[in-house]
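No lab work stands behind these numbers, since they all come straight from the coordinates. Please read all numbers here as calculations on a predicted model, not as lab measurements. We place every Cβ from the backbone using ideal geometry, glycine too, and count neighbours over all the protein chains shown.
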Amino acid sequence: MNRKEFLVKTCTACIAAAGMSSLLSSCLSTHYISGALGKDGLTISKNDFKVGQKDNAAYRSFIIVRNDALQYPICVYRFGDEQYSSLWMNCTHQGTELNAAGDFLQCPAHGSEFNNKGRVKSGPADKELRTFPVVISNDELFIDLRKQS
Ligand code: FES
């Protein structure tokens, strides 16, 4: 391999890596929706998790439902087509709104962390997050705000 061939090959690899990196970061960016608020809860679509087209569909691991009628957002994690968790993003330590950081939630105030089922990973918080039942009906998810799961 001569110098020119080497440069062409390595530059092509770098450009491909940069493209993949930006594609990956766009897939991983947080997706916010407002959902449809009813008397007893929120309705969102399974398609809200979908990224890409039919044949190359991928799914976000979580989305955040931020609705003006709610004091805190709700983070909905997808574990599979029929398995979800929905977590009230209100830190159980002193009530700060949590940030989603991939498969866990983190408190910007004092650093508590909660896993994607709402259990405490690290304190100072010592209580689980409030969670809501998710009822699946066809392509819709109903987050029941009347009760905790
Ligand atoms: S308010 Fe969240 S850790 Fe203190």
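For the stretch 65-70, 3J(HN,Hα) computed residue by residue from phi via the Karplus equation (6.51, -1.76, 1.60; θ = phi - 60°) reads 9, 10, 10, 4, 7, 9 Hz, glycine and proline entered as x. In this structure the amide hydrogen of Arg60, modeled in the peptide plane, comes within under 5 Å of the amide hydrogens of Lys50, Val51, none closer than 5 places in sequence on its chain. Proximity of backbone amide H atoms, modeled 1.01 Å from N, is registered between Ser45 and Leu141 at under 5 Å, excluding neighbours fewer than 5 places apart on the same chain. Based on C-alpha pairs under 8 angstrom that are at least 6 apart in sequence, the stretch 18-149 has a relative contact order of 20 percent. The phi torsions of the stretch 106-112, fed into the Karplus equation with coefficients 6.51, -1.76 and 1.60 and a -60° offset, translate into couplings of 10, 9, x, 6, 10, x, 4 Hz, rounded to whole numbers, with Gly and Pro shown as x. Take the Cα of Lys121, step 7 Å toward its Cβ, do the same at Ala36, and the gap between the two points is 3.4 nm.
What ranking, highest mean first, results for peptides 135-147, 70-82 when packing means the other Cβ atoms within 10 Å averaged over each residue? Intermediate results must be reported in sequence, preceding the final value.
Numbers: 135-147: 13.9, 70-82: 16.8.
Going by the mean number of other Cβ atoms within 10 Å, highest first, we get 70-82, 135-147.
Put a dot 7 Å past the Cα of Asn67, heading toward its Cβ, do the same for Gln94, and the two dots end up 3.0 nm apart.
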